[in-house]
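**Student:** Quick one: the structure is below, questions incoming.
Derivation of every value follows stated rules applied to the coordinates shown; laboratory data play no part. Computed from a predicted model, the values in this text were never measured in an experiment. Methodologically, a virtual Cβ is constructed for each residue, glycine included, from the backbone with ideal geometry; neighbour enumeration extends over all protein chains shown.
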Amino acid sequence: MKKIVVVAISLLLFLSCSDGKKGKQEKGTANEAIEKITAGFDLHKELAVDLMMDIPSSIYMKEGEGQYSILYIPKTEEVLEKYKNFDQKNNITISADSTGNLFYSDEMSRKTDEIIRSSLNIKDFCIIGRFIPSQYLKIDHTSTKGEYSISMPYEMQIYKLIGNEWQLANQVVISDFSGYDHYESIKTYRDLLGIGKGESGN
């Protein structure tokens, strides 16, 4: 009987240790995945003004990884107002291709980046990073500009920059255009950061 009890206790300890190791391994794998994603956020990428939110932003794709976007969320209405009607204020023109798609020429993109960076004070913003995995991106291999589209439904991870560290804030699934519009609204990110609720966010 004593031997049976000892074996039972040993088995329980083994299972407990195995579960603990498994949990640590899964947590370690998740942390490694997050670290790999956050390493892709680059604040030196060319800036533009997001047409839906009227804020400085950068969007870029890394092949085999996914789409990264960085949003500069103004902490005050005064800073937010600065980027409204940005193109008109700064003589930025938009071009159109043969199918009617609008785009900024390389010259206009460089000009926009220079104007934004010349007066950009990071302390005036909370910074959000978004990541969409590559399996949701459809690359147009006929395009010379590396164009791609995003297929719904898709997953998106949202991070916020605290000090020098990117912290995971939310993981969402975008399944329709109403969900897309929700996450292309500055109110969504100001609410997430607590801006306007007695908090300054970053």
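**Student:** How many residues are loosely packed, with under 10 Cβ neighbours inside 10 Å and of a type outside the set (A, V, I, L, M, F, W, C) when one looks only at the stretch 78-105?
**Tutor:** Counting residues in the stretch 78-105 that are loosely packed, with under 10 Cβ neighbours inside 10 Å and of a type outside the set (A, V, I, L, M, F, W, C) gives 8.
**Student:** While we're on this one: Where in the stretch 40-158 are there helices (runs of 4 or more DSSP H), lying fully within it, with 2 or more residues that are charged (D, E, K, R) and free of Cβ contacts under 8 Å to residues at least 24 places away in the same chain?
**Tutor:** Hits in the stretch 40-158: 77-82, 106-118.
**Student:** Within the stretch 38-77, restricting attention to residues that are farther than 19 Å from R190 by Cβ and hydrophobic (A, V, I, L, M, F, W, C), which residue is surrounded by the fewest Cβ atoms within 10 Å (Cβ to Cβ)?
**Tutor:** A39
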